[in-house]
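Chemist: What follows is a single structure, and I will ask about it in a moment.
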Amino acid sequence: MNNRINRLLTTFLAVLVWSSSAYAGCNNAEFSGTWDVTFSDGNSCRLLVNHQGEVDANESSCYDPFRGSTAPDSGTSAVASDCSVIVNLVVEGVTIELAGQISRGRDTGAGRYLVPAYWVKGGFTMIRVP
């Protein structure tokens, strides 16, 4: 009986460790690359994120359907091991806070955004550009 319980516990522990590591391991380096981000208010951005999690303002752009295209001033991202991501993006002096989740394939994501200065909020989706 004790042997059976030990084997059961060992199997359970192995499955638990294997399943938790299958989705673990996200970091800023895995989030690096070019992302198309579409906001629920009609705005969009193409962001180039480096391995340190910084947005390359010279290679990124944002589009507002009423005001046209502009480059972001700056931006940073922080990726947690559970693949959640926080992005702080500054466009024309206004900070946009994005909080989302990256997919298992690391090629899509979605979440919510907030513009604290105006209390504007909504949703966003993002797709990695190959």
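No value in this document is a laboratory result; all are computed from the given coordinates. Everything numeric in this text was worked out from a predicted model, so none of it was measured. Using ideal geometry, Cβ is built from the backbone for each residue, glycine included, and neighbour counts are taken over all protein chains shown.
Chemist: Summing Lys, Arg as +1 and Asp, Glu as -1, what charge do residues with Cβ under 11 Å from the Cβ of Glu92 carry, Glu92 excluded?
Modeler: So the environment of Glu92 carries a net charge of -1.
Chemist: Check each of the trypsin sites (Lys or Arg not before Pro) in region 57-118 and keep only those in coil by DSSP with at most 15 other C-beta atoms within 10 angstrom; list them in order.
Modeler: Hits after loop and neighbour filter: Arg67, Arg104, Arg106.
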